[in-house]
Amino acid sequence: MKNFIKLLLVLTMATQVLLSQNKKEDYLRYIKDAAEMGLKEYPQVIEKWTKDQTFHTLWGYDAPGQPVYLADLLGFLYQETKDKKYAEDAGKILAEYGDLRKYYPEEARKKRVEYKSGVPSLSNFFYMTQYSRAYLRIKDAKVLSKTQQAKIEKDLAFSVDFTFNFPEWGAHNRAMLRANAFYIASLAFPNHANAKKWKQAAEVIAKDNLTGWEVEDASVYHPVWLYAMLTYAEFSNDQNFLDSPLLKYYFDYYLQLIAPNGNFADFGDGIWNNGWDRFIPVFEKAATLYRNPKYKYAAKKMLERAVEIQTQQSKNFTSVVNRIYDVFPLGVVAASAFTDAYNWCSDDIEPKEPTDLSREVLDDLVGKKIVFRNGWDKESTYLLHNYQSEGDGGFMSKYYLRNTICVEEEKMHHGHNDENSINLLMSGKSVLLHDGGYRSALPSGQWGAYRADYYHNKMVGRKYKMDTKQSMYEFIRNSGAYRNVKSQKIDFVTLNKVDISRTRVTDEKTGFSNDRVIAYFKEKDFFVVVDINKALQDDYLTYSNIWHTETILSKGDNYFDTRINKIQNEQLPKDKSLLIYFPDNKLKSIGTFEEERHHQQEIGIYQSVASNYRVGDIETFVTILYPHTEKESVDSLMKKFKISESEDHNGLCIEFKSGKTRECLVVKLDFEKEIAKPNGRPRYTYESGKIKFTDLETDAHFLHLTENNGALSYSAVTFMRFIYKGQIIHDATPTSHTLQPDGSETKWAPTKWRTLEDEVKLK
């Protein structure tokens with residue numbers, strides 16, 4: 001225990017130096033300290049493993065990872081210092097590793113057909129590469145006895161052949177880990193009888209990854225995948241991959257997903273606080289490859305977060321030491337990745353904070369994510385919206401996975417049914433909404449935990465009506481199997497005072513589509529979420545708008561003031577809480593249910609309605625998400641909001657009043673209604689598209705306005721005309737449209753502006 005406490009203190013001190021400089025010498029100091037502490041803990045790791053965990057339901061025989069990562073560190077330190085003591089210690093660990101198989105129960109071995117020819121010393125491919133790399137790093141040190149060398153080579157070769165029997169392929173992390181293991185083994189034993197087969201298998205598996213998009217949508221596996229890609233490129237000397245536009249895409253994609261506290265935001269199969277150890281060398285490589293200081297900043301930011309995690313965990317030594325032998329990013333595991341951070345980093349690149357604010361991440365075909373943010377520091381507000389569906393890409397990878405392993409509860413691959421979900425909301429250091437977490441048990445846990453749609457901050461639709469004696473949680477629950485849907489971005493705009501997205505999820509099987517509009521009011525720092533559900537068939541449907549929290553501080557008929565105090569073992573800052581307010585409460589029920597989510601007890605909050613809908617019928621939900629401090633009264637905040645419908649019920653106006661300032665957001669519900677039946681061009685008119693309220697009229701898809709002391713500032717999106725209090729604020733000019741589909745005469749008509757922002761004086 002004393003050694004482990006010392007390890008945490010040393011690593012924290014070493015990392016604190018690193019934070020200000022991010023230089024090679026600091027990575028090297030971290031690695032040395034981790035190796036020193038790792039050697040001291042090594043006997044305890046083995047002893048604890050023999051008592052607690054000699055096999056795994058998924059992997060079978062499952063030797064601890066700590067000795068392998070430790071040997072990798074020691075091999076690296078030998079290369080850097082030429083101190084043969086490092087090589088001797090590494091060689092001893094590698095040679096002893098196969099002896100751990102004697103603790104594997106014979107009855108367990110007999111249950112697995114793949115062990116017919118023997119149990120491999122390395123059955124977990126997650127650290128096969130590190131074992132081979134450790135051996136390569138000390139191979140020429142001439143410190144291994146003939147017995148040791150023969151033992152290492154035999155154990156490693158047998159393990160590679162064993163993994164070769166299940167050469168899982170496809171564009172995802174598990175496949176790339178195998179490719180790495182096969183390729184580096186062929187380098188370690190170029191004269192082995194199977195070396196050519198290993199190399200060929202590596203190249204075949206890697207090709208799907210090096211030349212196409214990844215099929216996973218899981219935050220915990222993205223760093224595993226890309227780190228494996230970069231190490232593979234290094235082993236194989238593949239310059240083509242380093243020149244690929246796909247690589248630059250993923251560097252930028254992952255950069256934008258870093259939250260204010262330095263976490264990589266959760267989505268899909270994700271674990272809070274996981275993945276930073278592999279991302280640090282990834283971003284060091286990116287910074288050096290492109291000479292880009294933003295990537296250097298990302299490495300620095302994630303390392304700062306690692307210090308926070310370690311500091312808090314050091315306060316709870318018992319819970320941490322129970323996992324000391326696990327593949328958890330502490331000590332030798334992180335330091336093993338840091339050997340690449342050391343090799344890839346450039347000392348002459350100074351970190352520079354990105355200036356990107358709300359934006360798409362990075363597109364609406366592959367990434368399908370949008371972030372709203374007002375900065376990059378710890379106090380900043382950040383919201384991640386994920387609308388990625390399984391999609392059409394990577395067909396063969398997904399087809400193989402679906403028919404080989406148990407993945408019916410996943411969005412291929414390692415993904416969740418979280419389309420149109422808000423995965424993370426942070427503000428003022430506080431976590432206000434978070435994702436569901438990785439599965440609770442194999443293959444996914446009870447009712448699909450935590451991958452099913454009802455574990456996410458999203459709209460859920462079900463056929464039929466809930467019985468009056470049923471709870472909402474019971475009604476929406478099912479096996480958890482993935483519900484295949486289609487998703488697409490309808491629009492995303494960043495305007496002067498508000499940023500707005502509109503994304504659509506179409507659930508053909510259930511029979512509805514959900515357009516989720518998210519508007520970020522930047523000056524007041526709150527969000528309005530408008531869910532627009534359209535029935536695709538005549539049927540009885542129940543819609544439930546679900547939000548998840550850990551604690552409810554106060555509640556009323558149509559609001560909940562919430563706080564997330566912790567996620568698993570981490571106690572979170574409590575600077576802010578989140579008001580979840582449903583201003584439109586007519587004919588809708590509101591309630592809560594208890595749940596287990598992200599491996600802890602949480603609370604589901606819902607607003608729901610059930611009805612018999614006909615094709616084209618629209619049902620709307622409005623949710624105000626307002627981060628606030630204790631000084632801000634929930635009652636006073638709610639009184640500032642007012643919601644109204646347009647005369648034709650095709651538009652909503654959400655009004656926010658603060659003092660003498662009136663701020664309004666207008667959202668057109670069904671913009672396709674404006675398409676006129678005559679097949680001329682343009683196929684819309686102002687009359688076919690206008691929505692009219694008491695004091696304003698427009699055909700805009702979105703309109704934001706602020707009125708104060710006779711001045712009106714506005715931002716209009718996809719529109720021709722805007723009239724406010726009888727005054728024409730903007731009116732598009734007609735132009736000639738000479739080419740008509742039916743060959744008819746020239747048509748004079750205005751066309752829609754994309755966006756227009758202006759300030760005018762009211763008469």
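The values are calculated or read from the model by the stated rules, or taken from the named source; none is laboratory data. Here the structure is a predicted model, which is why all the values come from computation and not from measurement. In this analysis, Cβ positions are derived from the backbone assuming ideal geometry, glycine residues included, and neighbour counts consider all displayed protein chains. All accessible areas refer to the heavy atoms of the entire protein, side chains included, with ligands and DNA or RNA removed. Shrake-Rupley method; radii C 1.70, N 1.55, O 1.52, S 1.80 Å.
Tabulated values for the structure
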read-out: Under the Karplus curve 6.51 cos²θ - 1.76 cosθ + 1.60, θ = phi - 60°, whole-Hz ³J(HN,Hα) for region 263-270, x wherever Gly or Pro sits; value: 6, 7, 4, 6, 6, x, 5, x
read-out: ³J(HN,Hα), Karplus 6.51/-1.76/1.60, whole Hz, each residue of region 226-242, x for Gly, Pro; value: 6, 4, 5, 5, 5, 5, 4, 4, 6, 4, 8, 6, 8, 6, 4, 5, 5
read-out: Net charge over other residues, Cβ less than 14 angstrom from the Cβ of Asn478 (K, R count +1; D, E count -1); value: +1
read-out: Mean Cα-pair separation over length for the chain, i.e. relative contact order, pairs under 8 Å, 6 or more apart, %; value: 8
read-out: Distant alpha-carbon pairs in region 582-651 (separation over 16 angstrom), percent; value: 68
read-out: Radius of gyration and Dmax over the Cα atoms of region 443-491, both given in Å; value: 12.7, 41
read-out: Quotient of C-alpha Rg and 2.2 N^0.38 Å, computed over region 378-459; value: 1.25
read-out: Accessible surface, per residue, of the chain when the full set of protein chains is kept, probe 1.4 Å, Å²; value: 40
read-out: Separation between Cα centres of region 142-175 and region 420-436, rounded to whole Å; value: 42
read-out: Cα-based equivalent ellipsoid, region 503-627: semi-axes from gyration tensor eigenvalues, Å; value: 29, 17, 14
read-out: Normalised convex hull volume, the chain, alpha-carbon set, Å³ per residue; value: 182
read-out: 3J(HN,Hα) from dihedral phi, region 593-608, Karplus parametrisation 6.51/-1.76/1.60, rounded to Hz, x for glycine, proline; value: 8, 7, 8, 9, 8, 6, 6, 7, 7, 9, 10, x, 10, 9, 10, 9
read-out: Region 387-533: projected area of the alpha-carbon convex hull, averaged over directions, in nm²; value: 10.9
read-out: Local net charge near Tyr78, Cβ-Cβ under 15 Å (Lys/Arg +1, Asp/Glu -1); value: +2
read-out: Computed over region 468-525, Kirkwood Rh from alpha-carbon pairs, angstrom; value: 14.2
read-out: FRET efficiency for Glu757 and Glu353, using Cβ-Cβ distance with R0 set to 22 Å, rounded to 0.05; value: 0.25
read-out: Set of lysines with alpha-carbon distance to Lys116 below 27 Å, sequence-local pairs under 8 removed; value: Lys51, Lys102, Lys151, Lys154, Lys196, Lys197, Lys199
read-out: Gyration tensor verdict on region 580-703 (Cα atoms; rounded if a/c is under 1.5, prolate if a/b is larger than b/c, oblate otherwise); value: oblate
read-out: Rounded to 10°, Cα long-axis angle of helix 245-256 versus longest principal axis of the chain; value: 70
read-out: Under 5 Å, built H, 5+ apart or other chain: amide partners of Lys368; value: Leu362, Asp363
read-out: Per residue, the convex hull volume that the Cα atoms of region 715-763 enclose (Å³); value: 93
read-out: Three principal axis lengths of region 151-233 [C-alpha, angstrom, descending]; value: 39, 22, 21
read-out: Distance violations [Cα-Cα > 18 Å] among Lys586/Lys642; Lys458/Lys668; Lys465/Lys588; Lys576/Lys642; value: Lys458/Lys668; Lys576/Lys642
read-out: Under 5 Å, built H, 5+ apart or other chain: amide partners of Lys692; value: Glu647, Asp648
read-out: Environment charge at Arg109 (Cβ cut-off 11 Å; Lys +1, Arg +1, Asp -1, Glu -1); value: +2
read-out: Estimated FRET transfer efficiency when R0 is 30 angstrom, pair Lys92-Leu187 (beta carbons, to 0.05); value: 0.85
read-out: For region 78-200, radius of gyration divided by Kirkwood radius, i.e. Rg to Rh on alpha-carbons; value: 0.98
read-out: Principal axis dimensions, largest first and in whole angstrom, of region 344-406 by Cα; value: 46, 31, 21
